[in-house]
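Below is one structure, written out as structure tokens, with a few remarks after it.
Please treat every number below as a calculation from the coordinates, not as lab data. Note that the coordinates shown come from a computational prediction; the quantities given were computed from them, not determined experimentally. As a convention, Cβ positions derive from the backbone with ideal geometry for all residues, glycine included, and neighbour counts pool all protein chains shown.
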Amino acid sequence: MAEEAPAAAPAASPAKPKAAKKKSAPKKARTGPSVSDLIVKAVAASKERNGVSLAALKKNLAAGGYDVDKNKARVKTAVKSLVAKGTLVQTKGTGASGSFKMKQQEESSKHCGSTPHATLSCLMQDSQTQKETSLS
């Protein structure tokens, strides 16, 4: 009988089912604006002519309650992506370093100004484009 008990134990160990994986706690829903939104607001609020440096941007975010030391990689990637999208323009430096300012809103040539001179020039441009299209 002593021999049968050890023989039964090794046979039972390979037949054990695998332990069920523990499920991690559900992720918390994000609260508040994204890093990109915070950066855009900080740069838009700036009155600097040459834009805001990355260090000044980090100080502004820290003053607003954002943990910059913990999320400095997120700040860098957000700045790079905003420059790539065209939301921000990099005035100095390369990559995530340097100074950044908002992209200027260009006036489209189709909209005429409210001044009489602008309206006249707009009408003249329209007439010229109509002549060019009728000739071709």
Inset, instruction - Take the range 83-101 and flag every residue that is surrounded by 15 or more Cβ atoms within 10 Å (Cβ to Cβ) and of a type in the set (Lys, Arg). - result: Lys101
Inset, instruction - Quickly run through the range 41-71 and pick out the residues that are within 15 Å of Ala96 (Cβ to Cβ) and of a type in the set (A, V, I, L, M, F, W, C). - result: Ala42, Val43, Val52, Leu54, Ala55, Ala56, Leu57, Leu61, Val68
